[in-house]
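Down below is the structure, laid out as structure tokens.
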Amino acid sequence: MIYLSNLFELEIKKDYTYLDQLTDKTKQYKVKVKVIQKARPKQSPGKKKCQQLILQDDKGNTMRGAIFGDDISTFEQALERNGEYEISNAMIQPVPQQFQLKDNEYQMNFNDRVNVTPLHGESSTHGPKFLSIAEIPRNDDTNKELLDVLGIVLYVGEIRSVRTGNKEVPVRDIIITDDSTQHPLIMCAWNDLAEMDCETFANWSKSFIITALTAVHVATYKGFSLASTMSTEIVSDPQGERAAKLRLWAEENQMLLRDRQAMILEARTPLKARIISTLAEINAKKAANTWQEQTHWIKITIPEANHCDLYFYMGCNNCGRKGIAEKGDTYTCSHCKDNKAIAIPRVTFTFIAVDKTGTKKFTIFTKEVETLFGLTSSELHSVATSDGATKLDEKINHIRSTELFLEIGPSVALNSSRLLSWVVRTISFE
């Protein structure tokens, strides 16, 4: 016996093809997909304007989609990010290897002959669902879920170049804040977004601009930040209840925002003259009133310096983290994933810094240890494991009797976990 409910289910069941079953030989098919990314349209020299999509089916398979020329405006609202659709009649073609997704070598091309049907009705909205900064998930850099965030622009940096693979790409920092946190947040705008859309914020230093950053993901730059994707859009005058509330809060808290902005400007454009802080002042600081990029100079001595507090190991020549290879061996680093990492001597030194107001424990790493001891890490390794103990004792005695200037700043744990600890960034003898 077949119950009516089962008959109904049989009637509405669709025979969908999965994306991993499609090839350029497939002629008749119907797929059920979600648009997980919808890129900004791009115009390449000598080519048609193109807009890229990333489609995903119920099994998690993905495939690129492409819309060209005048068809981009046709599908502007017909295909939205996060929308679910039934699609048929789109041409499937192979794409060059450098543009392939890791699990699919084909691309679905959209034109006016393609049938696209929303699965949740024409009135279904797939618009941004804005999070406050405090609601953004932390401590999971493997989660590449796309997020939409509203914020108040405090700072827009200059374009810098970052090498990825074999090319240099432009990146620009946008620093935002809101009413949910005391800590400003960096969003790194990449590629064309850094060069064009950021011009919207030309007057960021004169008035506080409410902005929407759509389709960004969590990154580990400076412990915790956001990064743009191919789908990210920067909206300079967002509308809606959440935006209106934030705009009102900004109007009522101009002094607070100026203070946060001044803190960022001070960190990004430091004074040439050193202002010395005491260890008592450093020890009194709290995570709530400290920003990731703030630095302080302290003048200290290390009266209890001891060569037993040197720790030697073989580490990656790229990221510096401890490895399992022997000196000079090539291996795959389990931390930075460099498959051509070379094991080189590395060293750390832990000490108690002292001034007239208090003490504080620090650990410094290879570059700073080399500055402090005046020896390379290889030389320190050699001295510590041979008959050079006398030379090492001389170095230690000199350190004990020398006043040092340390530039210190918060570790990345401040951004990632709201834990305040301090790291040494620079050592100077004068």
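The values are calculated or read from the model by the stated rules, or taken from the named source; none is laboratory data. Here the structure is a predicted model, which is why all the values come from computation and not from measurement. When we count neighbours, we look across all protein chains shown, and the Cβ atoms used for this are built from the backbone with ideal geometry, even at glycine.
Observations, loosely collected:
- Some residue of the stretch 90-105 being surrounded by fewer than 16 Cβ atoms within 10 Å (Cβ to Cβ) and in contact with a helix residue (DSSP H, G or I) (Cβ under 9 Å, 6 or more places away or on another chain): yes
- The stretch 215-241: number of residues that are touching a Phe, Trp or Tyr at 6+ places or on another chain (Cβ under 9 Å) and either modelled with pLDDT of 95 or more or of a type outside the set (A, V, I, L, M, F, W, C) (or both): 6
- Residue 180 meets all of the listed conditions (1) touching a strand residue (DSSP E or B) at 6+ places or on another chain (Cβ under 6 Å); (2) closer than 20 Å to residue 134 by Cα; (3) free of Cβ contacts under 8 Å to residues at least 60 places away in the same chain but one, namely (1).
- For the stretch 377-415, the tally of residues that are among the polar types (S, T, N, Q), over 30 Å from residue 272 (Cβ atoms) and surrounded by fewer than 18 Cβ atoms within 10 Å (Cβ to Cβ) stands at 6.
- Filtering 325, 353, 343 for residues that are part of a loop (DSSP other than H, G, I, E, B), surrounded by 16 or more Cβ atoms within 10 Å (Cβ to Cβ) and among the aliphatic types (A, V, I, L, M) leaves a single hit, 325.
- Some residue of the stretch 276-295 being within 23 Å of the chain's Cα centre (by Cα), small (Gly, Ala, Ser), at pLDDT 90 or above and at negative phi: yes
- Positions within the stretch 367-402 being among the hydroxyl-bearing types (Ser, Thr, Tyr) and either assigned to a helix (DSSP H, G or I) or out of contact with any helix residue (DSSP H, G or I) (no Cβ under 7 Å at 6 or more places or on another chain) (or both), in sequence order: 371, 377, 378, 382, 385, 386, 390, 401, 402
- Those helices (runs of 4 or more DSSP H) lying entirely in the stretch 174-270 with at least 2 residues farther than 30 Å from residue 296 by Cβ and in contact with a helix residue (DSSP H, G or I) (Cβ under 7 Å, 6 or more places away or on another chain): none
- Every residue from the stretch 36-89 that is in a loop (DSSP other than H, G, I, E, B), at pLDDT 90 or above and polar (S, T, N, Q): 61
- Taken as a whole, the stretch 411-422 holds no residue that is in contact with an Asp or Glu (Cβ under 9 Å, 6 or more places away or on another chain), closer than 13 Å to residue 296 by Cβ, at pLDDT 95 or above and not small (Gly, Ala, Ser).
- Every condition in (1) more than 25 Å from the chain's Cα centre (by Cα); (2) surrounded by 15 or more Cβ atoms within 10 Å (Cβ to Cβ) holds for residue 320 except the one numbered (1).
- Residues that are of a type in the set (Val, Ile, Thr) and more than 24 Å from residue 206 (Cα to Cα) were ranked within the stretch 248-289; the one that is surrounded by the fewest Cβ atoms within 10 Å (Cβ to Cβ) is 275.
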